[in-house]
Amino acid sequence: MHFQVLTIFPELFDPFARLGLLGRAVQSGLLSLETTHLREYAINTQGQIDDTPYGGGSGMVLRPEPAAAAIRDARSRFPGASVVLLSPRGRPLTPTVAKELAGEASKSLILLCCRYEGIDERIVDSFVDHEISVGDYVLMGGEVAAMALMEAVTRFVPGVLGNPDSITSESFESGLLEYPQYTKPREFEGKAVPEVLLSGNHREIDSWRAEAARRVTAERRPELLLQVPLEQPPLAGELNVALIHYPVVNKEGKVVTSSITNLDLHDIARSARTFGLSRYYLVHPSKTLRRLMHKICEHWFEGYGLEYNPNRSDALQTVSLVPDFDDVLMDIESRTGMLPRIITTSAKQAPGVSTFEEVRRLLFSDPRPHLLLLGTGWGMADELMERADIRLEPINGFTGYNHLSVRAAAAIMFDRLLGNRRS
């Protein structure tokens with residue numbers, strides 16, 4: 001594979017091409033690396049290659065003439081070479097992208113390294129095949145980014161790595177971060193190597209490593225878990241939801257009891273089942289109303305209802321009807337051995353709220369059960385809100401209107417907290 005680097009600092013790449021695995025690959029002929037000084041294509045004898053931006057602004061922009069001349073010259077030596085521009089606005093560099101670029105080995109890669117305010121957009125439009133970013137930060141130039149890209153791509157060139165299996169066990173290859181590694185000595189400053197790694201039982205070791213990789217990913221990069229094909233959301237514990245009908249407040253702010261609706265029963269159950277919640281609790285003090293809701297559920301559990309719509313039956317299996325909020329806590333504790341962490345919601349703005357992303361991370365890393373409370377009427381009474389461990393931020397659009405039905409709000413919350421972002 002051949003890399004051609006267009007840069008104003010070619011000397012940066014001399015040690016890079018001599019050292020480490022990449023240097024060894026260059027020496028063995030698996031790779032070749034050539035640098036070209038962009039000032040060789042300067043527009044005047046003063047070596048000018050950049051200029052001030054049209055429209056004003058700080059910094060300098062690489063002019064199109066030297067960039068075009070350098071690219072054309074590079075392509076004349078390696079016809080069909082792909083041009084890669086290193087840019088913070090580019091496509092993120094991932095193992096998939098690196099593998100894709102390694103597959104273009106027969107063409108060669110021309111890496112264009114800019115400085116300051118980047119390059120004239122007409123070069124991007126006419127010459128660049130791939131615009132690649134190495135992360136959501138800004139460097140002082142494209143040279144370090146080019147080195148990172150070459151390291152990532154080179155790993156997929158056959159023969160470069162001494163052990164080809166290294167590729168499959170590294171972070172991101174399975175969609176997860178890599179499991180923790182240990183070596184000698186067995187004990188260091190009071191910390192011992194996990195016994196399972198010393199057991200010689202490869203099945204148990206593989207199982208430990210898989211679980212450790214999932215745990216590390218949940219703690220540090222939980223968003224990656226949604227890229228792994230799983231039948232269930234990768235929660236560390238469990239998430240339950242409770243729809244509160246008492247104590248809630250009415251329009252005047254008085255504590256009242258609201259009515260259970262058939263739509264709330266069915267629709268929230270379907271949403272809870274879709275997103276993998278463990279249990280959907282309907283909290284209402286009226287024994288008569290709870291019996292009525294139980295009869296509705298039973299209709300779908302057997303006979304004609306089950307035969308007519310088994311999906312509805314499946315969703316309603318998540319429903320539990322209880323008279324009091326404390327009954328919810330007792331049920332979760334009896335099932336899991338732990339009291340849940342309580343998450344409250346409200347359409348009202350309040351200080352100290354947690355974002356959906358913060359709570360999502362918590363659900364993927366904290367093994368304790370969690371309970372999401374949804375209010376009816378004009379919201380939950382203060383006595384319930386004050387028992388919360390976490391208060392979730394409101395759902396907002398770009399208008400001043402914020403009066404979603406509880407069914408719609410529940411579906412949006414479940415998606416933001418547990419939704420599969422690949423879909």
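No lab work stands behind these numbers, since they all come straight from the coordinates. Values in this document were obtained by computation on a predicted structure and should not be read as measured data. We place every Cβ from the backbone using ideal geometry, glycine too, and count neighbours over all the protein chains shown.
Take the Cα atoms of segment 239-418, find their three principal axes, and give me the spread along each one in whole Å, biggest first.
Taking max minus min along each principal axis of the Cα atoms, segment 239-418 gives 50, 40, 35 Å.
Taking Cα atoms, how many degrees apart are the long axis of helix 143-154 and the longest axis of the chain, rounded to 10 and kept between 0 and 90?
The helix 143-154 is inclined about 80 degrees to the chain.
Tally Lys/Arg at +1 and Asp/Glu at -1 over every other residue whose Cβ is under 12 Å from the Cβ of residue 53; what's the total?
Combined, the nearby Lys, Arg, Asp and Glu give -4.
For the charge dipole of the chain, defined by +1 on Lys and Arg C-beta atoms and -1 on Asp and Glu C-beta atoms about the Cα centroid, which residue among 19, 247, 2 has the Cα displaced farthest towards the positive pole?
247
Determine, from the Cβ-Cβ distance of residue 298 and residue 252 and an R0 of 56 Å, the FRET efficiency 1/(1 + (r/R0)^6), rounded to the nearest 0.05. All intermediate terms of the calculation are to be shown ahead of the outcome.
Values: r = 37 Å, r/R0 = 0.66.
That gives a FRET efficiency of 0.90.
Can you give me the Rg/Rh ratio for segment 2-166, using Cα atoms for both radii and the Kirkwood formula for Rh?
0.97
Based on the alpha-carbon set only, what is the convex hull volume of the chain divided per residue, in Å³?
Normalising the Cα hull of the chain by residue number yields 242 Å³.
Tell me, what is the percent relative contact order of segment 224-328, built from C-alpha pairs under 8 Å that lie six or more residues apart?
29
Taking 0.36 nm per residue of separation and subtracting the Cα-Cα distance, what length does fully extending residue 48 through residue 19 add? Don't skip to the end; give the middle numbers.
Working: separation 29, 0.36 × 29 = 10.44 nm, distance 3.26 nm.
In short, 7.2 nm is gained.
Starting from the Cα gyration tensor of segment 249-308, multiply each eigenvalue by 5, take the square root, and state the resulting semi-axes largest first in whole Å.
Rounded to whole Å, the semi-axes are 26, 16, 9.
Hey, got a sec? Which GluC sites (Glu not before Pro) in segment 272-368 land in a DSSP loop and have at most 12 other Cβ atoms within 10 Å? Intermediate values should be presented prior to the final figure.
On the way: sites: 298, 302, 307, 333, 357, 358; in loops: 302.
Filter output for segment 272-368: 302.
Using alpha carbons only, how many degrees (0 to 90, rounded to 10) separate the axis of helix 356-365 from the longest principal axis of the chain?
Tilt of helix 356-365: around 90 degrees.
On a C-alpha basis, how far is the centre of segment 338-371 from the centre of segment 1-34 in Å? Whole number, if you could?
Using only Cα atoms to place each centre, the spacing works out to 49 Å.
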